[in-house]
1. I'd like the full set of residues that are more than 16 Å from T87 (Cα to Cα), surrounded by 19 or more Cβ atoms within 10 Å (Cβ to Cβ) and β-branched (V, I, T), limited to the range 169-199.
2. Can you work out which of the residues in the range 104-120 that are of a type in the set (V, I, T) and part of a loop (DSSP other than H, G, I, E, B) is surrounded by the most Cβ atoms within 10 Å (Cβ to Cβ)?
3. Taking the conditions exactly as written (in the same structural domain as L190 (by TED's automatic domain parsing), out of contact with any Lys or Arg (no Cβ under 7 Å at 6 or more places or on another chain), among the acidic types (D, E) and without any contact (Cβ under 8 Å) to a residue 40 or more places away in the chain), does D119 satisfy them or not?
4. Within the bounds of the range 74-85, is there any residue that is among the polar types (S, T, N, Q), surrounded by 13 or more Cβ atoms within 10 Å (Cβ to Cβ) and within 14 Å of the chain's Cα centre (by Cα)?
5. Can you name the residue in the range 141-168 that is touching a strand residue (DSSP E or B) at 6+ places or on another chain (Cβ under 7 Å) and basic (K, R) and, of all such residues, is surrounded by the fewest Cβ atoms within 10 Å (Cβ to Cβ)?
6. So which residues in the range 96-120 are among the charged types (D, E, K, R) and more than 18 Å from N145 (Cβ to Cβ), if there are any at all?
7. Among V101, V43, which is the only one that is in a strand (DSSP E or B), among the aliphatic types (A, V, I, L, M), assigned by TED's automatic domain parsing to the domain that holds L173 and under 19 Å from Q167 (Cα atoms)?
8. Is the range 130-147 home to any residue that is in contact (Cβ under 8 Å) with a residue 40 or more places away in the chain, part of a strand (DSSP E or B) and under 30 Å from A61 (Cα atoms)?
Amino acid sequence: MRSRNFVIGLVSSVVVLAAAIGLLALVRAGDDVELPDRVDGLVATDVDGAFSVEPPPEAIARQREALDVNSEGWSEVFDGAAADSRTYVDPEAQDQQPIGVLAVAADAGPLIPEPGFVDAEQLGFALPQVERTTDGDVECLLTRNLPPRAGTDYQPDQAAPDAHLCQRTGGGLTVRVRSTSSDTDAVVDLVDALWDELG
């Protein structure tokens, strides 16, 4: 009887251990992040077809090495969480402004302006130089190099940001996009598209 209970206990322990190992493997696989080669009409600059004139292979290899160093740095910041970073361009655009993207398998917390929050009027501006906004699940820091002066009738293009830092975070995933686009909606849409790809 005692040996029978021992065998049942041993088998049960092995089953529980196997289930735990399987669950751990699933969690690790789910924590992996890999940004796509193409998303929302954009192409990663380290793959073929990103530019009308292809850079030499060694230039692409150097860029990939730099991105790997960046990804490893972000992984260390988040206690070893999987991370990936890439640069994207619109292959149809004439200026092909680079868009930097980071994905990390961790919650990053809210975006905070580096200089902190300031009173735009106190500085003589109608709008802050760095403004925090939210659109659905995406939060952004909009940077304006020369905001319109306080008390002036400024045009919408004068209020447009010169750069964006936007992210979506939660549930063990963060997607962050840096862009010099003046189109906030387009940057927010890109964050959401990447989130859907990785989610």
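1. Hits for the range 169-199 are T169, T174, V188.
2. V118
3. yes
4. Yes, that holds for at least one residue.
5. Looking at residues that are touching a strand residue (DSSP E or B) at 6+ places or on another chain (Cβ under 7 Å) and basic (K, R), I get R149.
6. Those that are among the charged types (D, E, K, R) and more than 18 Å from N145 (Cβ to Cβ): D107, D119.
7. Exactly one of V101, V43 is in a strand (DSSP E or B), among the aliphatic types (A, V, I, L, M), assigned by TED's automatic domain parsing to the domain that holds L173 and under 19 Å from Q167 (Cα atoms), namely V101.
8. no
The values are calculated or read from the model by the stated rules, or taken from the named source; none is laboratory data. Quick caveat, the model's predicted, so the values are computed rather than measured. Neighbour counts are summed over all protein chains in view; Cβ atoms, including those assigned to glycine, are modelled from backbone coordinates with ideal geometry.
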